[in-house]
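The structure appears below as structure tokens.
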Amino acid sequence: MDDTGSAQATRSVLLRGLWRDAIDGWGAPGALDQLPAAQRLLAAGADRDDLLRLVRAVAYEAVFATLDTLDEGGPGHDPDAVGGWVVVATHTDGSPTGQVLPGLHEDLLAADPGGRDGTDLWQQGPAT
């Protein structure tokens, strides 16, 4: 596999992992129940599917904002900043390949392992 293909594979693994762990992980048994606020809302009669959709959408937005900040490569409007950052692929031993992984936030929706491009997060009515 050439460097470009390897960087694409790394990008895909990273984005799918974020979906699996940070976004869809809330659907795991007991995940909602670990949050006291969710417990109170469920006890008050909130619909579990609606609450699950809400926490997944909030998780998506947090992941997107984080990736967007990483993609900017710098501190934005911070006048005291002295440097920036870049996300790079690594070899299996952890050493950098030198292949930059730009635009991660742009591909987050397409990495939805459910193949829905995140549309279920903003749908009206019962979750499916």
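The values are calculated or read from the model by the stated rules, or taken from the named source; none is laboratory data. For clarity, every value in this text was computed on a predicted model and none was experimentally measured. Reconstructed Cβ throughout: ideal geometry from the backbone, glycine too, with neighbour counts over all protein chains shown.
Would you mind finding the one in D120, D47 that is under 22 Å from the mean Cα position of the chain (by Cα) and either more than 18 Å from R20 (Cα to Cα) or in contact (Cβ under 8 Å) with a residue 24 or more places away in the chain (or both)?
The match here is D120.
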>> Regarding the range 7-18, can at least one residue be identified that is farther than 21 Å from R116 by Cβ and touching a residue at least 40 places away in the same chain (Cβ under 8 Å)?
In response: yes
> Looking at D71, D33, which one is in contact with a His (Cβ under 7 Å, 6 or more places away or on another chain) and over 20 Å from T119 (Cα atoms)?
Replying inline: D71
> Restricting the range 116-128 to residues that are within 18 Å of V63 (Cα to Cα) and exposed (fewer than 13 other Cβ atoms within 10 Å of the Cβ), which is modelled with the lowest pLDDT?
Replying inline: W122
> E106 fails exactly one of the following numbered conditions: (1) farther than 22 Å from R16 by Cα; (2) surrounded by 12 or more Cβ atoms within 10 Å (Cβ to Cβ). What is the number of that condition?
Replying inline: (1)
